[in-house]
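Quick notes on the structure that follows.
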Amino acid sequence: MTRASEQRDSPDNDLSISTNQYAKTRKRSANALSSNDSLQHSAASKMDQPFGPYSYNGHDWFGRLDTAFIEVFRRDQAGPPQRTNVSENGQMLLHGTDANMGLTVTDLFRSGDESIQGNEAMLIHFDAARVQHLLANGALLTAHVRFNDTVGHRQT
């Protein structure tokens, strides 16, 4: 599970989003996004701050994605999960296409599996730019959902 916390001025500043929650939220607000081009354009122009803050019309719709990390829970592991920080203080910590969290091929396959013979210690790599893109889109999507939910509540 990927977790992220958004820095805001409220006491409840921990934001945990699972992949399923993100997909449901994205689907729910897909139509509303096109009706809010001004927020999208002002947010998209912040390439130097992809994790916020996002404001529109004098209101903050998303603070700043302060910290994001990936936790790996291994089946037979005692103690806390292995944690890899992805971003801190709104900045990406990982870069390139060969970032890793210490996962190896044996973490994904059963030990003794013939298909991984000789590659058991091979590290599993991921593309940090893709992770950054997912996090930045999540921040922007959250701003859109908050804006559209608020506008929708005012119209009813």
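The values are calculated or read from the model by the stated rules, or taken from the named source; none is laboratory data. Here the structure is a predicted model, which is why all the values come from computation and not from measurement. Ideal geometry is used to build each Cβ from the backbone, glycine not excepted, and the neighbour counts take in all protein chains shown.
Among the candidates 102, 90, 118, 138, the residue that is of a type in the set (Gly, Ala, Ser) and more than 22 Å from the chain's Cα centre (by Cα) is uniquely 118. One residue stands out among those in segment 73-117 that are assigned to a loop (DSSP other than H, G, I, E, B) and of a type in the set (A, V, I, L, M): the one that is surrounded by the fewest Cβ atoms within 10 Å (Cβ to Cβ), which is 78.
From the set of residues in segment 118-156 that are part of a loop (DSSP other than H, G, I, E, B) and not charged (D, E, K, R), which is surrounded by the fewest Cβ atoms within 10 Å (Cβ to Cβ)? Of everything passing the filter in segment 118-156, 156 is surrounded by the fewest Cβ atoms within 10 Å (Cβ to Cβ). I'd like to know if segment 46-61 contains one or more residues that are in contact with a Pro (Cβ under 9 Å, 6 or more places away or on another chain), modelled with pLDDT of 75 or more, surrounded by 15 or more Cβ atoms within 10 Å (Cβ to Cβ) and farther than 15 Å from residue 134 by Cα. Yes, there is a match, as at least one residue in segment 46-61 is in contact with a Pro (Cβ under 9 Å, 6 or more places away or on another chain), modelled with pLDDT of 75 or more, surrounded by 15 or more Cβ atoms within 10 Å (Cβ to Cβ) and farther than 15 Å from residue 134 by Cα.
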